[in-house]
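Each value in this text was obtained by applying a stated rule to the coordinates, not by laboratory testing. Fair warning: this is a prediction, and the values are worked out from it, not measured in the lab. Neighbour counts are summed over all protein chains in view; Cβ atoms, including those assigned to glycine, are modelled from backbone coordinates with ideal geometry.
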Amino acid sequence: MKSGSSTLFSIKLDFELSGPTPWNAKGTASFSILFFTFKIRFNVTWGEVQEVIEPGIAVLPRLLEAMNLDANWTTELPSNRFDLVTLANIQAQTGQIVMQSFGAMKISQTIMPLNMEINKFGNSPLADIKFANVSAFRLGSFNMSLDEVKEAFAPSVYKEMSDDDKLKSPSYTQEKGGAKLSETNVLFVDYGFNRDVVYEVKISDFDPFPDPQPFEINMDMFRLMVKGGAISNSALSKENRQKSFVLNNAAVDIAEEQFVIVNNATLAQHGANVFAGGSQAQADDALVSILASQPGLAGKISIASAYQVGS
């Protein structure tokens with residue numbers, strides 16, 4: 001309100017408004033009367049509180065669907081066997097798998113990591129299971145032994161993590177995604193058998209019934225001649241020579257980095273019988289479980305790389 005060029009009374013509001021319900025107004029109100037100004041701070045909330053709950057995702061149906069996909073059931077040949085025959089191109093029917101008698105069969109998926117507890121799926125909460133695993137496989141009336149099949153999983157997709165933990169965590173880790181029937185993988189049979197080579201030579205221009213003179217080939221000469229033969233130059237022989245340089249169970253194998261829980265004071269492994277070691281996600285689960293049962297260990301134990309403990 002003004003009188004001429006003079007302000008007699010004024011009101012000024014400076015605030016932030018957020019909503020929808022509940023609405024919140026936060027700021028200051030200024031009142032000016034003649035030569036006096038009064039400022040009041042306010043923070044007012046009104047309206048009905050509406051809690052937004054994101055619907056959970058049922059993981060089990062997705063996991064079972066992935067387990068039933070024909071594409072996730074595959075076969076492979078073990079590295080220590082030789083494919084001595086060529087099989088016909090057999091087209092497998094839906095729900096069938098064509099496997100060589102000495103091959104291995106595996107089932108794997110990338111929907112969720114197995115043998116590890118998860119607490120979210122993407123950006124959504126869970127509506128059913130938090131843990132799943134393949135612990136047994138029955139073929140007819142036989143229980144088959146299993147090996148783990150590793151797949152790449154992003155920890156931040158399945159674990160609640162702070163922004164700082166997301167930056168420190170690897171983008172992908174190798175976790176259990178399935179299982180493989182390994183019993184046929186460990187079999188090893190000879191791919192060739194030695195036999196004595198003896199030639200019987202008969203040469204006669206006059207005697208129609210000469211006495212046979214046995215002739216034994218010199219093996220050193222035989223080996224030299226074999227190198228230029230068709231069998232020695234075949235693809236199978238070349239593959240055999242390459243594999244002969246790899247000793248059984250002596251090849252270099254680079255495994256995924258393993259993590260353990262250590263005592264911060266001694267840097268020794270804490271409770272090897274509780275958690276013997278595993279991926280970082282598995283170590284996180286083990287640490288949370290230990291601290292839940294023994295809160296007094298907070299700040300006294302932590303996760304470290306296994307090679308640091310063993311060094």
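General remarks:
- Distance violations [Cα-Cα > 26 Å] among K130/K300; K159/K300; K150/K300; K120/K300; K120/K176; K130/K166: K130/K300; K150/K300; K120/K300
- For A179, the shell of other residues with beta-carbons less than 9 Å away shows a net charge of +1, using +1 for Lys and Arg and -1 for Asp and Glu.
- Computed over segment 259-310, Cα set: Rg, Dmax in Å: 9.8, 27
- In summary, the lysines within cross-link reach of K12, defined as a Cα separation below 26 angstrom excluding same-chain residues under 8 places away, comprise K2, K26, K39.
- The peptide list 276-282, 21-27, 286-292, put in order of mean Cβ contacts within 10 Å with the highest first, becomes 276-282, 286-292, 21-27.
- Rough spin-label spacing in nm, given labels placed 7 Å along Cα→Cβ, for I57 and I217: 6.6
- Taking label positions 7 Å along the Cα-Cβ direction at both S145 and A127, the computed distance is 4.1 nm, reported to one decimal.
- In units of the compact-protein estimate 2.2 N^0.38 Å, segment 2-46 shows a Cα radius of gyration of 1.50.
- Average Cα contact separation per residue, segment 259-310, under 8 Å, 6 or more apart, as relative contact order %: 51
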